[in-house]
Amino acid sequence: MHEFLLAVTAAVYFGSTVAYLGYLLVGARPQTARVARIAFAVGLALHSAAIAVRCSHGLPPTISAADTLSFYGWALVTGFLVVQLRYPLPTVGSFLSPLVCLLVLMSLALPKPITPLDPKFATIWFPVHVTLAVAGDVAFVLAAAVGLMYLIRETSLKTKHISPVIDRLPSLDLLDRINYRLITVGFSLLTLGMLTGGLWIFLDPKLKAAVHDPKILWTVSTWVLYAVLLNGRALVGLRGRKAALMSVAGFAMVVVTFVGVNLLGQGFHSFRQ
Amino acid sequence: MEHVGLPEWATPLVVGVSHHTSSVELREKLAFDAGDLPRALGRLTSQPGMREAMILSTCNRVELLAVGETPEAAASGLSGFLAEERGITSEDLVRHAFRFAGPNAARHVFRVAASLDSMVVGEPQILGQVKSAYRAAAESHAVGPVLNRLCHRAFRVAKRVRTETQIGDHAVSVGFAAVELARKIFDSLDGKVVLVLGAGEMAELATRNLAAAGASKILIANRTHLRAIRMAEEFHGTAVPFDELPTRLADADIVVCSTGASSYVVTQPMVQAALKRRKRRSMFFIDISVPRNVDPEVNHLDNSYLYDVDDLEQVVDANWQTRRVEAARAEQILDQEIERFLDWLHELDANPVIREIQDRWEGIRQSELDRHRGWLARLSEDDRRGVAELTRSLMGKLLHAPLSQLKACRANGSLGYVDAARVLFDLDDEGRSRKPRPRPVAAAPLEDTEST
């Protein structure tokens, strides 16, 4: 049932991706954006059902690699639709939807073992810590998408290269503003995620060894990068192109941390246990 | 003629001159003053054989639209009118004027209203001018069903073209290109500060456009401070001493530069300092001066964008390209709408046939009732009414199928069925002419002119 629902979800997301790309590349028709948004919302409902089925086996959606990829996809769509309420910009969807499709397809391709839940996860700290961390990552991914859009638009304006496709992107100021807000939100969530993780280790004596987990080092580096970016903006006006570049770099670090530590690495955060 | 198949009495005709066909001298000679229109329209419609007329007179075109008893009558009425009114001979007309009839006339009117025939393709003013020409004609009772419908269709076409294509979306003048670029950087120009250096005509134009787009604060600096003050008054701005340029630069989001200086007035270090002071919020430099007044290196600074005259021209050229592509798309919309309009014209012609059939059958019914009045008189009042009702409903049922077929066929434009109905229902007693007779306008349905 889960596999079937997830496959249907992937198909619906794919339809949405086609519409979002059509909006950007072919013609910015409001109807196309509406179709894409509705498809995304329908996909999200199906995706939620798929995840709920999986959870009914007693497995939180962030234990195995396959489930986590799917959960990230779900969280990205949710985050995107929330941002759309404030900033209705379909072109952000054009950049995000292919990534969502990729995540769900990867999840479909990977095995999904049903293993008994490790007792160390049977605590309230686990869902709180993971939710905050994933939500933070979602904000950073969205910020990176907006940052990438900024870089494309900025390059086109600097080089005076005129293209109807690039002209469909929002203005530089708006992209910069959204990028900043997303990073502020992401940074707060990441900070809370790190604090809850730290408290969890502090309160559970069995987890002393987790302090040396590579994920913690990587995450602290990511946190520093975003801290520099936010402070730089407030103090010396680190904005525009450099901020966009840093938000894309931050995304790269998030991906490296996730792939390198969770998927391929060893340790407390690894899926390979 | 090209309007084969159209009812002759409903064939629109356009005769006129435009910037494409004639010199401004001839257009001036032909032009009609708005105040003079009621009189001119009255005169035009009183030409022999003229049913409907309308006059569109703008600085780029003078066009007369007419519908006559026949297209020939309309044409001779128009040339007679122009000869009387403006002393234009028919040779002059042949040489300088265009003339469209039937579907081509409809296409021309649609193209004009949709701004596809304009000097600046896609400019929006022409639609308003067509609308007021129509209003003037309607107020003078010069338009009838055909021009009514033609104009309302034209307004609809113009709206479709505007919303379904991007024909008017991009700036095709340097002044508007500056606004368009500023919007790509700043999103909205509301509350943005514009600093104007120098007082060239182009700079003034660009500033006017930026202010109209929402830029609220205008700072003006000129080497001759008095000129700055004068210009500041005009734009409700503030005059700034030219020497203060390096310090005031940081206040400006947009800098319009058009001085006569032979070297760079705005240098890279100056902009660098300004950006630092304004915490690297974006700056947009529009350099309309030749030789250039803003160091091209300014464009290489982060969050600073510089466009010179050539860059702006390039933007305008690209936008022209877009307009041309969009104009081709608009022609497709026109094709659809012309089909619809022609369908309607055919419909106009079939309606009298239907009415004639109904009249004829009603006549037969009445005469039959009359023939049987002897025994009918013996029935009670109620029964007599029942019999009358029976014959009426019988007639309605029998006619229902052929009449609805006729209505459906004319929607496809197959006038042949209308013709066949005339023969089958024996409508043309005299000589069985297969040619549809012209019907008086009063017999034509005065349909709702609102676009459907």
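Kindly provide the helix-only [θ] at 222 nm of chain B, computed as the sum of -39,500 (n - 2.57) over DSSP H runs of four or more divided by all residues, to the nearest 500 deg cm²/dmol? Please list the in-between numbers first.
On the way: 16 runs with 243 residues, N = 452.
The helix contribution divided over chain B gives -17500 deg cm²/dmol.
Which aspartates and glutamates have a Cα lying under 14 Å from the Cα of A:LYS112, excluding residues fewer than 8 positions away in the same chain?
A:GLU3, A:ASP67
Which Rg and Dmax, in Å, describe the Cα atoms of the protein assembly as shown?
For the protein assembly as shown, the Cα-based Rg and Dmax read 36.9, 119 Å.
What Kirkwood radius, in Å to one decimal, follows from the Cα pairs of the stretch A:169-273?
Hydrodynamic radius (Kirkwood, Cα only) of the stretch A:169-273 equals 15.1 Å.
Round to the nearest 0.05 the FRET efficiency obtained for A:LEU207 and A:ALA249 when R0 = 30 Å and r is the Cβ-Cβ distance.
For R0 = 30 Å, the calculated efficiency reads 0.45.
Spelling out what I want: for every residue of the stretch B:113-124, take phi, set θ = phi - 60°, compute 6.51 cos²θ - 1.76 cosθ + 1.60 (Karplus), and round to whole Hz; glycine and proline get x.
Karplus-based 3J(HN,Hα) across the stretch B:113-124 equals 5, 7, 6, 8, 9, 6, 4, 9, 4, x, 5, x Hz.
Working from Cα positions, state the angle (0 to 90°, nearest 10) between the long axis of helix B:145-164 and the longest principal axis of chain B.
So the inclination is approximately 40 degrees.
What average count of beta carbons from other chains do you get within 10 Å of the Cβ of residues in B:316-327?
Neighbouring Cβ atoms belonging to other protein chains average 1 per residue here.
Given a 1.4 Å probe and the protein chains all in place, what does the accessible area of B:PHE186 round to, in Å² to the nearest 10?
Approximately 10 Å² for this residue.
With a cut-off of 8 Å between alpha carbons and a minimum separation of six or more residues, what is the relative contact order of chain A in percent?
It rounds to 19 percent for chain A.
Can you send over the solvent-accessible area of A:ILE63, 1.4 Å probe, protein chains only, in Å² to the nearest 10?
40
If the reach is capped at under 24 angstrom between alpha carbons, list the lysines near B:LYS279, excluding any in the same chain fewer than eight residues apart.
A:LYS158, A:LYS242, B:LYS184, B:LYS192, B:LYS217
If you wrap a convex hull around the C-alpha atoms of the stretch B:297-394 and split its volume per residue, what is the figure in Å³?
Convex hull volume per residue, Cα atoms: 191 Å³.
Among the lysines, which fall within straight-line cross-link reach of B:LYS407, defined as a Cα-Cα distance under 17 Å, with same-chain neighbours fewer than 8 residues apart omitted?
Result set, ordered by chain and number: B:LYS397.
I'd like the carbon and sulfur percentage of the solvent accessible area for the protein assembly as shown, probe radius 1.4 Å, heavy atoms only, ligands and nucleic acids excluded.
Details: 20440 of 33430 Å².
C and S fraction of accessible area: 61 percent.
Rounded to the nearest whole Å³, what is the per residue volume of the convex hull around the Cα atoms of the stretch A:1-113? Kindly include the intermediate steps, with their values, before the conclusion.
Values: hull volume 9.3 nm³, N = 113.
It is 82 Å³ per residue.
Which whole-angstrom value gives the distance between the alpha carbon centres of the stretch B:294-359 and the stretch B:149-176?
Between the Cα centres of the stretch B:294-359 and the stretch B:149-176 lies a distance of 6 Å.
How much accessible area per residue does chain A have, in Å², with a 1.4 Å probe?
Spelled out: the 1.4 Å probe surface of chain A, per residue, equals 45 Å².
Tilt of helix B:225-235 relative to the longest C-alpha principal axis of chain B, in degrees (0 to 90, nearest 10)?
Between helix and principal axis, roughly 30 degrees.
D for chain A, whole µm²/s, Stokes-Einstein with Kirkwood Rh over alpha-carbon pairs at 10 °C and 1.306 mPa s: what number?
Result for D is 81 µm²/s.
Using only Cα atoms, find the angle between the long axis of helix B:71-86 and the longest principal axis of chain B, and express it within 0 to 90 degrees, rounded to the nearest 10.
50
Under 5 Å between amide hydrogens, which residues at least 5 positions from B:ALA239 or on another chain qualify, with H placed 1.01 Å from N in the peptide plane?
Correct list: B:ILE220.
Any idea of the total accessible area buried by the A-B contact, 1.4 Å probe, rounded to 100 Å²? Spell out each step's value before the answer.
On the way: alone 13280 and 22130 Å², together 33430 Å².
Chains A and B together bury roughly 2000 Å² of accessible area.
Is there a simple number for the mean count of other chain Cβ atoms within 10 Å of the Cβ of residues in B:300-306, and what is it?
4
Could you please state, rounded to a whole Å, how far the C-alpha centre of the stretch B:180-244 is from the C-alpha centre of the stretch A:211-273?
The distance from the Cα centre of the stretch B:180-244 to that of the stretch A:211-273 comes to 44 Å.
Going through the stretch B:181-276, which trypsin sites (Lys or Arg not before Pro) have at most 10 other Cβ atoms within 10 Å and a DSSP loop state?
Listed in order of number, the matching sites amount to none.
The values are calculated or read from the model by the stated rules, or taken from the named source; none is laboratory data. None of the values given here were measured: they were computed from a predicted structure. Counting neighbours? That spans all protein chains shown, and the Cβs are built from the backbone with ideal geometry, glycine included. For the accessible areas, the whole protein counts, side chains as well, though only heavy atoms, and no ligand, DNA or RNA atoms are used. Shrake-Rupley method; radii C 1.70, N 1.55, O 1.52, S 1.80 Å.
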